[in-house]
Amino acid sequence: MTLNVIEKIGSMEFTLADVNQYEYIFQKAYPSNETIQASIRRNLQELRDLGLVKFDGNGRYKRLWKV
């Protein structure tokens, strides 16, 4: 789901705040999750570890795949 949100942003570079703007999508999919923003950060870390995004610091990321 996080990958889909990153693609919706439509830019190769994005911020954590950009992803958090789609929090409602995560909340709808996971209504019992009360820590959506923490889950988003964890998912971004996992995507970084997989080499799909690069963390540039200060909440800034770069998508490493093309649509």
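What number of residues within segment 4-35 satisfy the criterion of being more than 13 Å from GLY59 (Cβ to Cβ), aromatic (Phe, Trp, Tyr) and outside any helix (DSSP H, G or I)?
2
Count, please, the residues in segment 1-45 that happen to be open to solvent by 70 Å² or more (accessible area, probe 1.4 Å) and among the hydroxyl-bearing types (Ser, Thr, Tyr).
4
List every residue pair whose Cβ atoms lie under 9 Å apart, where the two residues are 6 or more positions apart in sequence or sit on different chains, the first residue falls within segment 43-67 and is over 14 Å from VAL19 (Cα atoms) and assigned to a helix (DSSP H, G or I), and the second residue, located anywhere, is open to solvent by 100 Å² or more (accessible area, probe 1.4 Å) and β-branched (Val, Ile, Thr).
none
For a quick check of your reading of the model, give me the residue pairs whose first member lies in segment 12-37 and is among the small types (Gly, Ala, Ser), whose second is modelled with pLDDT of 95 or more, with beta-carbon atoms closer than 7 Å and at least 6 apart or on different chains.
Close Cβ pairs (under 7 Å, with a partner that is modelled with pLDDT of 95 or more) amount to ALA17/GLY59.
The values are calculated or read from the model by the stated rules, or taken from the named source; none is laboratory data. Quantities reported herein were computed from a predicted structural model and do not represent experimental measurements. Glycine also receives a Cβ, built like all others from the backbone with ideal geometry; neighbour counts cover every protein chain displayed. Accessible surface areas use protein heavy atoms only, side chains included; no ligands, DNA or RNA. Shrake-Rupley method; radii C 1.70, N 1.55, O 1.52, S 1.80 Å.
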